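Each remark here refers to the structure printed beneath this line.
The values are calculated or read from the model by the stated rules, or taken from the named source; none is laboratory data. Computed from a prediction, not measured in an experiment: that's the story for all the values here. In this analysis, Cβ positions are derived from the backbone assuming ideal geometry, glycine residues included, and neighbour counts consider all displayed protein chains.
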Amino acid sequence: MANLSIAFCRQLARARRAKGMTQSALADAVGCKQSALSMLEAGHAAKVAHETVEKIAALLEVPLETAAAAAPVPSCGPTAANTHAFCPHADCFSNVPYVVNGELLFWPRPQADGRAAAAHCAVCGELLERCCPHCGAPVVTAGACCPACGGERVANTLPPETDCEAWAAQRRRAIAEWRSLIL
Ligand SMILES: [Zn+2]
Ligand SMILES: [Zn+2]
C-alpha cells in the first residue's frame with residue numbers, strides 16, 4: 001500500500017482523534033500493530049495492507065476516494081509575513097521530541113528570528129519550512145501541531161519499533177547537552 005497521499009493519512013489521524021480513539025484502540029479494532037498505524041498516520045503507508053487501510057477508513061467513516069482526489073498542498077511561500085521558520089527533519093536537534101498520549105510529537109524551535117531571508121536550518125542545513133505541510137497554513141504560532149488542521153508540523157519518521165518514550169527522553173538530554181556546548 002504505497003499510493004496514499006499524506007493528506008489522506010492526516011485525515012485518518014484527524015478522524016481517529018475526533019472519535020476519541022487512541023492509536024492502540026484503533027489498531028486493535030482493525031487487527032494491525034499500533035506502530036504500523038502510527039507510520040500510516042505519518043504518511044508511511046507501505047507497511048500497511050490495503051485491506052487494513054480499507055477497514056480503518058470504514059471504521060473512521062473517511063471515504064477512500066479522498067486519496068485519489070487529494071489536492072496538492074498549497075504553499076504559502078517564504079515571503080509570507082510573520083511566519084516562524086522551522087526545520088522539517090525529525091532527526092534534527094532543532095526539533096524537541098515529546099510523547100503526548102502515546103504519540104511522539106516534535107516541538108520545532110523557530111529559526112531565523114530577525115533573519116527572515118534565512119532558507120536553511122542553522123543546525124542541519126535542511127531547507128526550512130514556513131507553512132503547515134498538511135494544509136499549507138502559514139506557521140505563525142509556536143507548537144508541535146498546526147492550529148488550523150491539527151497536523152504535526154514535523155513528521156515522525158522513526159522506525160515503528162522505536163520505544164518513543166525512551167528515545168524522546170534520551171534525545172532531550174542530548175539536545176540539552178548540545179545546547180550547553182554551543183551557547
Ligand atoms: Zn535542521
Ligand atoms: Zn495545517
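Do we find a residue being without any contact (Cβ under 8 Å) to a residue 40 or more places away in the chain, assigned to a loop (DSSP other than H, G, I, E, B), surrounded by 15 or more Cβ atoms within 10 Å (Cβ to Cβ) and small (Gly, Ala, Ser) anywhere in region 107-115?
Yes: one or more hits.
Select, from 11, 34, the only residue that is buried (at least 19 other Cβ atoms within 10 Å of the Cβ) and not assigned by TED's automatic domain parsing to the domain that holds residue 161.
On the way: 34 fails: buried (at least 19 other Cβ atoms within 10 Å of the Cβ).
None of the other options fit; the residue is 11.
In region 122-138, what residues are within 15 Å of ligand 1 (Cβ to nearest atom) and within 16 Å of the chain's Cα centre (by Cα)? Give the derivation first.
Here is the first cut: in region 122-138, the ones within 15 Å of ligand 1 (Cβ to nearest atom) are 122-130, 133.
128, 129, 130, 133 - these are the residues of region 122-138 that are within 15 Å of ligand 1 (Cβ to nearest atom) and within 16 Å of the chain's Cα centre (by Cα).
Can you give me the number of residues within region 37-65 that are surrounded by fewer than 16 Cβ atoms within 10 Å (Cβ to Cβ), in contact (Cβ under 8 Å) with a residue 24 or more places away in the chain and part of a helix (DSSP H, G or I)?
1
Given (1) more than 16 Å from ligand 2 (Cβ to nearest atom); (2) closer than 21 Å to residue 21 by Cα, where does residue 177 come up short, assuming only one miss?
For residue 177, the failing item is (2).
When you scan region 136-154, do you find a residue that is touching a helix residue (DSSP H, G or I) at 6+ places or on another chain (Cβ under 7 Å) and either in the same structural domain as residue 17 (by TED's automatic domain parsing) or outside any loop (DSSP other than H, G, I, E, B) (or both), even just one?
no
Matching residues to (1) within 15 Å of ligand 1 (Cβ to nearest atom); (2) modelled with pLDDT under 90; (3) more than 18 Å from the chain's Cα centre (by Cα); (4) not assigned by TED's automatic domain parsing to the domain that holds residue 173:
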position	(1), (2), (3), (4)
84	yes, yes, no, yes
87	yes, no, no, yes
101	no, yes, no, no
104	no, no, no, no
110	yes, yes, no, no
114	no, yes, yes, no
120	yes, yes, yes, no
